[in-house]
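Below is one structure, written out as structure tokens; the observations come after it.
The values are calculated or read from the model by the stated rules, or taken from the named source; none is laboratory data. Because the structure is predicted, anything quoted here is derived from the model rather than measured. No Cβ is skipped: glycine too gets one built from the backbone with ideal geometry, and neighbour counts run over all protein chains shown.
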Amino acid sequence: MAKKKTLFECQACGYQSSKWMGKCTNCGAWDSFIELTKEQIEATKELAKASPSQVKAITDIGEDRVERVSTHIDELDLVLGGGLVTGSLVLVGGSPGVGKSTLLLKVCANLAKDGKKVLYVSAEESSGQIKLRANRIEANHPNLYLMNELILENIIAHVQSEQYDLLVIDSIQTIYSNEIPSAPGSVSQVRAVTFELMRLAKAQKLPIFIIGHITKEGAIAGPRVLEHMVDTVLYFEGDSSKELRLLRGFKNRFGSISEVGIFEMTKKGLVSAKNIAKRFFDRKHTTAGSAATVVMEGSRPIILEVQALVAESGYPTPKRSATGFDASRLTMLLALLEKKLELPFNQYDVFVNIAGGIKIGETAADLAVIAAILSSFRNRPLSAETLFLGEVGLTGDIRDVMMLDQRLKEAASQGFTKAIVPSKPLQKIPLKTFVVDSVEKIIDWM
């Protein structure tokens, strides 16, 4: 008698094992393995099969022509690399209430007004609920069609019979295939549904948006292979209680992933934020513990306000907290100040915050963080006309930053007159620059 073959699969990452494990060795999730049925094992084998393809020399292969369609939303086109590519599969993730469905419904309405035939498939909301949102954001158009459906096969059959120009799936975790005997949202279902949607997009040159839920850690729910299968991965960032939203590209086969789109939530839905230059800093009130800097989000310079609070600690181990800034880097900068400037930060709690809810992912703001900390520690406000740029090394030296001229031009356009920088700009810019090469000179300047 043949031995029964068993297979277990992690519901967090899709890793498969021949025996049950309490902790996944691939992603570290606990108690996430379930035993697959015989039908599920066979379905997994079918997905793994691929028809043999012809081998050609790369010199004999022609380039694919990339056709783009504007969504008429400038910030979204910027993140997508210039517009939506026909035949692309785009995954949009974000926390609940951040505006994913609102943005994509507006995209559908814009393309419908251009004469495109658009289908919005919702497996979570009724058509009446979507209609209410469409009335609020002015997204009503006869070329925009709504469909409430959970079964993948019915969606594909309808799309193939009607020939749409855009398809939106809301959301990938609620759609399921009848050929996969598991619950919607499981690893097998999400992988199979995404694979079939990818085949549909490539076969019909149909651009498809799919909305994905995220976990409490901020990652898109389901297996990591989901992000590898799609062409583009976009993440929404921002607090649902605030107006500003950031859309970042974490993967884009047709463009750069360094760009970020900035949106504003209004009564008429998400719109491209206008005049964002003064959204992240306030020069009206100069207080101790505040310093300005310029970060690059893709090709766009943004002026930010770095806030710091230094207070005497009532505990043996002082607190270190950073919002929008790397906490481990903050600890390193404080250790550097203790070593080079002999300041007793081991007796003080230090809190750092990047105003506006934006997250800094580069080191050019190191000098501004140090300036804000010293300002709060000495209780001396910094000049509202001055900004700080520079990366701080472990030896206390201040190093150059990329695109210094572009950052200083943006600062000058916003009324700044002085800049503390690691080197002189190459171009003539209408503001005074003071070159510093070590953290000790920051004390002398202050």
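Quick notes on this one:
- Selection status of residue 130, hydrophobic (A, V, I, L, M, F, W, C) and at pLDDT 90 or above: yes
- All positions within the range 325-335 that are in a helix (DSSP H, G or I) and surrounded by fewer than 20 Cβ atoms within 10 Å (Cβ to Cβ): 327, 328, 329, 331, 332, 335
- Under the condition of being under 23 Å from residue 80 (Cα atoms) and either touching a Pro at 6+ places or on another chain (Cβ under 9 Å) or assigned to a helix (DSSP H, G or I) (or both), the residues counted in the range 91-129 number 14.
- Criterion violated by residue 132 - all others in (1) touching a residue at least 24 places away in the same chain (Cβ under 8 Å); (2) assigned to a helix (DSSP H, G or I); (3) among the hydrophobic types (A, V, I, L, M, F, W, C) satisfied: (1)
- Selection of the range 132-166 for residues being within 12 Å of residue 122 (Cβ to Cβ) and in contact with a Leu (Cβ under 7 Å, 6 or more places away or on another chain) yields 133, 134, 145, 147.
- For the range 349-356, the count of residues that are of a type in the set (S, T, N, Q) and part of a helix (DSSP H, G or I) is zero.
- Residue match in the range 92-103 (condition: modelled with pLDDT under 90, of a type in the set (Val, Ile, Thr) and not assigned by TED's automatic domain parsing to the domain that holds residue 238): no
- Subset of the range 69-83 that is touching a helix residue (DSSP H, G or I) at 6+ places or on another chain (Cβ under 8 Å) and outside any helix (DSSP H, G or I) - its residue that is farthest from residue 164 (Cα to Cα): 73
- Pairing residues of the range 329-346 that are under 18 Å from residue 371 (Cβ atoms) with residues that are of a type in the set (Asp, Glu) and part of a helix (DSSP H, G or I), at Cβ distances under 6 Å and at least 6 apart in sequence or on separate chains, gives 345/338.
- For residue 70: the one exception among (1) surrounded by fewer than 20 Cβ atoms within 10 Å (Cβ to Cβ); (2) of a type outside the set (Lys, Arg); (3) at pLDDT below 90: (3)
- Among the residues of the range 287-300, not a single one is closer than 22 Å to residue 389 by Cβ and not assigned by TED's automatic domain parsing to the domain that holds residue 414.
- Selected residue (criterion: surrounded by the most Cβ atoms within 10 Å (Cβ to Cβ)) from residues of the range 281-314 that are at pLDDT 85 or above and of a type in the set (Ser, Thr, Tyr): 293
- Across the range 205-212, a minimum of one residue is classified as at pLDDT below 90 and either closer than 21 Å to residue 37 by Cα or in contact with a strand residue (DSSP E or B) (Cβ under 7 Å, 6 or more places away or on another chain) (or both).
- Flag if residue 172 is under 18 Å from residue 88 (Cβ atoms) and in contact with a strand residue (DSSP E or B) (Cβ under 8 Å, 6 or more places away or on another chain): yes
- Condition met for residue 349 (farther than 30 Å from residue 73 by Cβ and under 19 Å from the mean Cα position of the chain (by Cα)): no
- Among (1) exposed (fewer than 13 other Cβ atoms within 10 Å of the Cβ); (2) part of a helix (DSSP H, G or I); (3) not β-branched (Val, Ile, Thr), the one test that residue 339 misses: (1)
- Residue that is surrounded by the most Cβ atoms within 10 Å (Cβ to Cβ) [pool: residues in the range 173-194 that are of a type in the set (A, V, I, L, M) and closer than 15 Å to residue 11 by Cβ]: 190
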